[in-house]
Amino acid sequence: MIANSIQTQIVKQPDAGDAALRRSAQKLEAAFLAEMLKSVGLGESRDSFGGGEGEDQFSSFLVQAQAEKMVEAGGIGLAEALFESLKERNNGA
C-alpha cells in the first residue's frame, strides 16, 4: 500500500528537467510569435499622433509581452511540439 502511494506521488510530480525544457520551449515559441507579430506590423509607430522616439524604443517590449501572453494562453502549439520532440530525444540518448 505504501509503495503504491509513493509511486503515485512520483508519477504526479513533474521532473525538474522537464519543467526547464518546457520553459525553454515556451520561450522559443514566444520569440517566434514576437517576430511574427513584428512582421505583420504590430508595434510600428503611427504616422499621426504617434509616441515618437519613446514609442519606437519600447514597442519591442510590448510585442514581446503580448507574445508571452499568447503562449500562456496556449499559443499555437509550437512549444508543446518542441517540448515533446526534445523530451523524446533526451530519453533516447
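Each value in this text was obtained by applying a stated rule to the coordinates, not by laboratory testing. Just so you know, these numbers come straight off a predicted model, no measurement behind them. In this analysis, Cβ positions are derived from the backbone assuming ideal geometry, glycine residues included, and neighbour counts consider all displayed protein chains.
A simple rule links phi to the HN-Hα coupling: the Karplus curve 6.51 cos²θ - 1.76 cosθ + 1.60 with θ = phi - 60°, which for segment 64-69 gives 5, 5, 5, 5, 5, 5 Hz, with x for Gly and Pro. Backbone geometry of segment 22-33 corresponds, through the Karplus equation with coefficients 6.51, -1.76 and 1.60 at θ = phi - 60°, to 3J(HN,Hα) couplings of 5, 4, 5, 5, 5, 5, 5, 5, 5, 5, 4, 5 Hz, x marking Gly and Pro. Scoring 59-72, 23-36 by mean Cβ neighbours within 10 Å over their residues and listing the highest first yields 23-36, 59-72. Note that segment 54-62 has calculated 3J(HN,Hα) couplings of x, 5, 4, 5, 9, 5, 5, 5, 5 Hz, one per residue in order, obtained from phi through the Karplus relation 6.51 cos²θ - 1.76 cosθ + 1.60 (θ = phi - 60°); glycine and proline are x.
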